[in-house]
Amino acid sequence: MGYLVEDKRKVTTHRLIQMKQEGKKIAMLTSYDYTTAQIVDSAGMDIILVGDSASNVMAGNVTTLPITLDQMIYHAKAVVRATQRALVVCDMPFGTYQVNPTEGVTNAIRIMKESHCDALKLEGGVEIIDTVKKILAAGIPVMGHLGLTPQSINKFGTYTVRAREEAEAEKLVSDAHALEEAGCFAIVLEKIPAALAERVTKELKIPIIGIGAGQCDGQVLVIADMLGMTKDFSPKFLRRYADLNSIMTEAIGNYITDVKSCDFPNAEEQY
Ligand code: KIV
């Protein structure tokens, strides 16, 4: 039996902060297209993330870096059209906010105007704080993203757990505080030690959403991974809730067999 949503009201950034105060956990999942987002929203998801993981999942790129602003807007528009209840957050893609605050806010406004999403997510801490402040000053809600920030994969050189060392952990904590003080409504913590994420979750008033970060105020996963569509990606933090890869392969194989044997379409399936 799935999760039944009793509260049908549109999720807002304000509600998410209330949920943290009330100790209610926040569920977040990625979507990149209309059909999937409709299912995710109807299931009762609190936040739908139009992640730049679309670069990997939808386009087959090795990293998130190649996806463009236009492509993110295309995905976000489709998700927004499908969504009634969840808060829709769109990732600002690599290169659209790192150059300077003016360019960052210009691109942020473009995503909001064209996609009609509810909020934006940016990767980074104090390095991008002026841009975060400018985007917030334009009236756009911002979600932070710290820890393993995939747009910096070429700097990290590995997708391994971040902030195991004290210096990086302390920087992460001060980045999280800086993002909260700037006015971010939530922060994603990706692939960091559970104890560090727990500390940030306790110290901050805004919701902390974890992915490979232990128990936080909420959790996020990439939909293709948690539904078992991807086969080769199996980090420790990933729980697979279905094996869609096998289900789809079997269904598609059955279709091929039926077409080739002239079983499909049968008499009832034609005009
Ligand atoms: O792009 C994405 O899917 C993300 C999540 C992994 C948090 O940023």
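Before moving on, here are some points about what is shown:
- Hydrodynamic radius of segment 116-162 by the Kirkwood approach over all distinct alpha-carbon pairs: 11.9 Å.
- As a length-normalised measure over Cα pairs under 8 Å and 6 or more apart, the relative contact order of segment 98-248 settles at 16 percent.
- Around A182: net Lys/Arg minus Asp/Glu count, Cβ-Cβ under 15 Å: -2
- For segment 43-57, 3J(HN,Hα) computed residue by residue from phi via the Karplus equation (6.51, -1.76, 1.60; θ = phi - 60°) reads 6, x, 5, 7, 10, 9, 9, 7, x, 6, 4, 3, 4, 7, 5 Hz, glycine and proline entered as x.
- Unmatched cysteines, the chain - criterion: no other Cβ of a Cys under 4.7 angstrom: C184, C216, C262
- Estimated FRET transfer efficiency when R0 is 45 angstrom, pair H177-K231 (beta carbons, to 0.05): 0.70
- For N107, the shell of other residues with beta-carbons less than 15 Å away shows a net charge of -3, using +1 for Lys and Arg and -1 for Asp and Glu.
- Two-site label geometry, A167 and Q84: point separation in nm, points 7 Å out along Cα→Cβ: 5.3
- Between the beta carbons of A267 and I247, assuming R0 = 30 Å, the FRET efficiency works out to 0.60 to the nearest 0.05.
- Dividing the summed helix terms, -39500 (n - 2.57) for each DSSP H run of n ≥ 4, by the number of residues in the chain produces a 222 nm estimate of -12000 deg cm²/dmol to the nearest 500.
- The fraction of all Cα pairs in segment 44-91 landing in successive 5 Å bins from 0 to the largest distance is 5, 23, 29, 21, 13, 7, 1, given as whole percents.
- GluC sites (Glu not before Pro) restricted to segment 142-213 and DSSP loop, no more than 16 other C-beta within 10 Å: E165
- If the convex hull is drawn through the Cα atoms of segment 1-132, its volume per residue in Å³: 124
- The trypsin sites (Lys or Arg not before Pro) of segment 223-271 meeting both criteria, a DSSP state outside H, G, I, E and B (loop) and at most 16 other C-beta atoms within 10 angstrom of the site's C-beta, are K231, K236, R239, R240.
- Kirkwood Rh and Cα Rg combined as Rg over Rh, evaluated for segment 153-255: 1.10
- Annotation: L244 carries an accessible surface of approximately 40 Å², with a 1.4 Å probe and no ligand, DNA or RNA atoms counted.
- Ligands, DNA and RNA excluded, the heavy atoms of D118 present near 40 Å² of accessible surface to a 1.4 Å solvent probe.
- Compactness check for segment 43-196: Cα Rg over 2.2 N^0.38 Å is 1.00.
- Pair-distance distribution P(r) for the chain, from all Cα-Cα distances in 5 Å bins starting at 0: 1, 6, 12, 17, 19, 17, 12, 6, 3, 2, 2, 2, 1, 0, 0 percent.
- Reducing segment 30-60 and segment 184-255 to their Cα centroids gives an inter-centroid distance of 13 Å.
- Proximal charge balance of D46 [Cβ under 15 Å; K/R count +1, D/E count -1]: +3
- Karplus 3J(HN,Hα) series, Hz, for segment 145-155 with 6.51 cos²θ - 1.76 cosθ + 1.60 (x for Gly, Pro): 8, 10, x, 7, 9, x, 5, 9, 4, 6, 6
- Accessible surface of M112, taken over heavy atoms with a 1.4 Å probe and every protein chain present, rounds to 40 Å².
- Between amide H atoms placed 1.01 Å from N, distances below 5 Å from V188 occur with G144, H145, L146, I209, all of them 5 or more places distant or on a separate chain.
The values are calculated or read from the model by the stated rules, or taken from the named source; none is laboratory data. Nothing here was measured: the structure is a model prediction, and the numbers come from that model. Positions of Cβ are generated from backbone atoms using ideal geometry, with glycine treated the same way; all protein chains shown enter the neighbour counts. Side chains are part of the model used for accessible areas, which takes the heavy atoms of the whole protein and leaves out ligands, DNA and RNA. Shrake-Rupley method; radii C 1.70, N 1.55, O 1.52, S 1.80 Å.
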